[in-house]
Amino acid sequence: MGTDSRAAKALLARARTLHLQTGNLLNWGRLRKKCPSTHSEELRDCIQKTLNEWSSQINPDLVREFPDVLECTVSHAVEKINPDEREEMKVSAKLFIVGSNSSSSTRSAVDMERGACSSCKLPRKKAGQRNPLVCHTEQVACSVLGVAQLDSVIIASPPIEDGVNLSLEHLQPYWEELENLVQSKKIVAIGTSDLDKTQLEQLYQWAQVKPNSNQVNLASCCVMPPDLTAFAKQFDIQLLTHNDPKELLSEASFQEALQESIPDIQAHEWVPLWLLRYSVIVKSRGIIKSKGYILQAKRRGS
């Protein structure tokens, strides 16, 4: 194991949290030469390359400090939005809750990008209560991109136990925080993914800030369900398509990428909590100017 790997291993052995940022993938020349066949393959490739580059550039002072939170990124790939061009860009993101206990992380992912986020009678949280996961995610995303606001955020369906059907109760903690972020002008519009007509209707009736879009995976549905189409049309909800797998990043896949990038590390100790995929599009031309991933992982027991 080389000096770089030893330094990375020592830091990860002491750290409690890992923030991994790929930066703009369009700046990764080596990734462009290889076209991943799936989103999962692209993501794993990005995680490994980011870890490899980061471990080769570790500042010796960092090893002496042993920070609790490690910022794993590649400086040459980082690209913030020019404030003079902000109005010309549409900044969108999709949030994937990976860990089953991640309901403590979303506003932070949106502010970190900025550089330094009815029929149901279940009660809402009292004022002042937050879902740290959503909040943290928003903060991170804004910090990374150098913006004060995201134009659109879609949340993928949170992980649930096998044999359990997704219900409004599963979505509520995350949606409430997204609503808070809309009301505080951190996000313009929020949407959902893979909800059927009944689920979307329940969320719409309960929510204070209504979903403006719902993604449908055409791999499991060749045509848009007529009842979903009719409901979306009635309430002006945009139906979009996507081809993300049900599980974009598994715990095992993340640990394998970690192990391959930094040999002899105790990869099983690390668990991914959430993942944010973002894109920056030039509005007038529909061209992707930037895209990337932001991920947070925790060491077990920390």
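The values are calculated or read from the model by the stated rules, or taken from the named source; none is laboratory data. Note that the structure is a prediction, hence the values are computed from the model and not measured. Neighbour counts are summed over all protein chains in view; Cβ atoms, including those assigned to glycine, are modelled from backbone coordinates with ideal geometry. Protein only, heavy atoms only, side chains kept; ligands, DNA and RNA dropped before computing areas. Shrake-Rupley method; radii C 1.70, N 1.55, O 1.52, S 1.80 Å.
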Looking for something open to solvent by less than 60 Å² (accessible area, probe 1.4 Å), modelled with pLDDT under 90, farther than 27 Å from E247 by Cβ and part of a loop (DSSP other than H, G, I, E, B) - is there at least one such residue anywhere in segment 48-60? yes
Output for segment 77-99, where each listed residue is basic (K, R) and surrounded by fewer than 19 Cβ atoms within 10 Å (Cβ to Cβ): K80, R86, K90
For segment 228-281, which positions are part of a helix (DSSP H, G or I) and either among the basic types (K, R) or in contact with an Asp or Glu (Cβ under 8 Å, 6 or more places away or on another chain) (or both)? L228, F231, K233, A267
Could you tell me which numbered condition Y293 fails, if it satisfies all but one of (1) in contact with a Pro (Cβ under 7 Å, 6 or more places away or on another chain); (2) within 23 Å of Q57 (Cβ to Cβ)? (1)
Any residue at all in segment 224-238 that's within 23 Å of the chain's Cα centre (by Cα) and not basic (K, R)? yes
Mind telling me which of the residues Q259, Q266 ends up being in contact with a His (Cβ under 9 Å, 6 or more places away or on another chain) and of a type in the set (S, T, N, Q)? Q259
Which numbered condition V188 misses (of (1) touching a strand residue (DSSP E or B) at 6+ places or on another chain (Cβ under 7 Å); (2) buried (at least 18 other Cβ atoms within 10 Å of the Cβ); (3) of a type outside the set (K, R)): (2)
